[in-house]
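**Q** One structure, as structure tokens, below. Some questions next.
The values are calculated or read from the model by the stated rules, or taken from the named source; none is laboratory data. Since we're looking at a predicted model, the values are computed, not measured. Cβ placement follows ideal geometry from the backbone for every residue including glycine, while neighbour counts extend to all protein chains displayed. With ligands, DNA and RNA removed, areas are computed over all heavy atoms of the protein, side chains included. Shrake-Rupley method; radii C 1.70, N 1.55, O 1.52, S 1.80 Å.
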Amino acid sequence: MRLVFAGTPEVAVPALDALIASGRHEVVAVVTRPDAPAGRGRRLVASPVAQRAEEAGIEVLKPARPKDEAFLARLREIAPDCCPVVAYGALLPRVALDIPARGWVNLHFSLLPAWRGAAPVQHAILAGDEMTGAATFQIEEGLDSGPVYGVITEPVRHTDTSGDLLTRLAFAGAGLLAATMDGIEDGTLHAVAQPADGVSLAPKITVEDAHVDFTTPALRVDRVVRGCTPAPGAWTVFRGERLKLLHVAPLPDRTDLAPGELDAGKNHVHAGTGSHAVELLWVQPQGKKPMRAADWARGVRIGAGEKLGA
């Protein structure tokens with residue numbers, strides 16, 4: 001098939017690579033979000049998908065909005081058979097959905113109908129799911145509600161951050177998307193409607209969602225830190241300034257610290273929660289680079305009774 005791939009961030013690149021390498025289909029163009037400011041200089045930078053497509057000599061389309069008439073006209077000229085999508089980042093209007101003969105097929109990082117929305121991996125970790133996965137489905141105008149072509153499963157490890165889990169799903173899902181294109185092309189794969197039961201939503205995680213509340217149990221603190229790493233980044237407050245929490249570990253045997261109360265030794269930093277304590281392993285003070293929590297604690301000289309979140 002003639003494919004137009006739509007995607008934007010780094011997590012979409014493995015799927016693009018898999019389709020380019022398949023040998024069975026031709027990726028004739030890529031649709032991605034417009035260049036965005038990045039870095040200290042805030043200069044405009046092309047998306048990871050755009051950069052990969054340019055390296056491969058593939059035409060790149062960067063509409064400000066998918067309903068822009070110039071973009072729609074070019075898509076009609078290209079006349080794709082199918083448009084595979086991974087984390088494109090914009091809603092597709094009906095007029096765009098109707099252009100490819102076999103529609104738009106999305107790779108979504110959850111076991112639909114669970115976790116429909118922008119942040120399925122983060123929500124799976126926040127909810128304590130033991131199993132997740134990825135699904136390919138036909139895009140329709142509803143939110144991730146279209147019929148499903150195929151799924152893969154992936155266990156959620158107890159140490160997984162959302163970044164760890166998303167990386168594994170990106171590579172495993174790339175194979176699923178390529179296989180889905182093959183099955184659509186040869187007629188061996190047919191989409192099946194999602195069940196009405198089991199629907200859950202995964203809206204974008206906000207900075208406020210990533211605020212760690214040390215009055216909650218240690219299990220919740222750990223999940224928020226892992227689910228919000230690397231983005232938007234779990235955080236608390238210490239001496240009036242934000243402190244990012246990059247890695248913590250529950251300490252089930254320590255229950256003598258009040259919520260947020262710190263105990264710093266030569267090689268450890270413990271913090272109380274609503275249940276048992278957690279050990280802070282890696283933190284990032286405001287305006288500084290990530291560092292071991294013990295090194296941070298030595299630098300700030302934590303006093304007796306000082307707390308996080310105060």
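**Q** Suppose a student asked you for the relative contact order of the chain, using Cα pairs under 8 Å spaced at least 6 residues apart; what percent would you report?
**A** Result for the chain is 13 percent.
**Q** Excluding residues fewer than 8 places away in the same chain, name every one of the lysines whose C-alpha is closer than 29 Å to that of Lys204.
**A** Cα-Cα hits under 29 Å: Lys62, Lys67, Lys244, Lys288, Lys289.
**Q** Where Lys and Arg each count +1 and Asp and Glu each count -1, what net charge lies around Val199 among other residues with Cβ under 13 Å from its Cβ?
**A** -1
**Q** What is the magnitude of the charge dipole of region 98-218 about its Cα centre, with +1 placed on the Cβ of each Lys and Arg, -1 on the Cβ of each Asp and Glu, and no other charges, expressed in debye to the nearest 20?
**A** 120 debye
**Q** Something else now. Could you give me the ³J(HN,Hα) list for region 219-230, computed from phi with Karplus coefficients 6.51, -1.76, 1.60 and θ = phi - 60°, whole Hz, x at Gly and Pro?
**A** Karplus-based 3J(HN,Hα) across region 219-230 equals 4, 5, 4, 4, 5, 5, 4, 5, x, 9, 10, x Hz.
**Q** Could you provide, to the nearest whole Å², the per residue accessible area of region 130-274 with probe 1.4 Å?
**A** So region 130-274 comes to 49 Å² accessible per residue, rounded to a whole number.
**Q** What is the gain in length, in nm to one decimal, between Arg24 and Ala36 on full extension, counting 0.36 nm per residue of separation less the C-alpha to C-alpha distance?
**A** Residue separation times 0.36 nm, minus the Cα-Cα distance, leaves 1.0 nm.
**Q** Let me ask something additional. To the nearest 0.05, what FRET efficiency results for Lys62 and Asp256 with a Förster distance of 45 Å applied to their C-beta separation?
**A** Once rounded, the FRET efficiency stands at 0.20.
**Q** Using alpha-carbon pairs under 8 Å, 6+ residues apart, how would you state the relative contact order of region 57-157 in percent?
**A** Dividing the mean separation by the residue count of region 57-157 yields 22 percent.
**Q** Counting only protein heavy atoms and using a 1.4 Å probe, what share of the accessible area of region 87-143 belongs to carbon plus sulfur, as a whole percent?
**A** Whole-percent figure for carbon plus sulfur exposure: 53.
**Q** For the peptides 134-142, 80-88, 49-57, what is the packing order when you average, over each peptide's residues, the other Cβ atoms within 10 Å and list the highest mean first?
**A** The packing order, highest mean first, is 80-88, 134-142, 49-57.
**Q** With a point put 7 Å past each Cα toward its Cβ, work out how far Leu91 is from Val237 in nm, to one decimal.
**A** Between Leu91 and Val237, the simple spin-label model gives 3.5 nm.
**Q** Under a plain spin-label model, where a point goes 7 Å from the Cα along Cα-to-Cβ, how far apart in nm are Glu140 and Ala101?
**A** The modelled label-to-label distance comes out at 2.3 nm.
**Q** Another one. Along region 140-152, what does the Karplus equation 6.51 cos²θ - 1.76 cosθ + 1.60 (θ = phi - 60°) give for ³J(HN,Hα), rounded to whole Hz, x for Gly and Pro?
**A** Along region 140-152, the couplings run 10, 6, x, 6, 6, 10, x, x, 9, 8, x, 9, 10 Hz.
**Q** With each pseudo-label sitting 7 Å past Cα toward Cβ, what's the Thr188-Ser200 distance in nm, one decimal?
**A** Reported label-point gap for Thr188 and Ser200 is 3.4 nm.
**Q** Can you give the translational diffusion coefficient of the chain in µm²/s, computed by Stokes-Einstein from the Kirkwood radius over Cα pairs at 37 °C and 0.692 mPa s?
**A** 155 µm²/s
**Q** Once the Cβ-Cβ distance between Glu77 and Val207 is put in as r, and R0 is 25 Å, what FRET efficiency do you end up with, to the nearest 0.05?
**A** 0.05
**Q** Another question, if that's okay. Enumerate the calculated ³J(HN,Hα) couplings along region 59-72 in order (Karplus 6.51 cos²θ - 1.76 cosθ + 1.60, θ = phi - 60°), each rounded to whole Hz, writing x wherever the residue is Gly or Pro.
**A** Going residue by residue, I get 4, 10, 10, 10, x, 4, 9, x, 8, 4, 5, 5, 5, 4 Hz, with x marking Gly and Pro.
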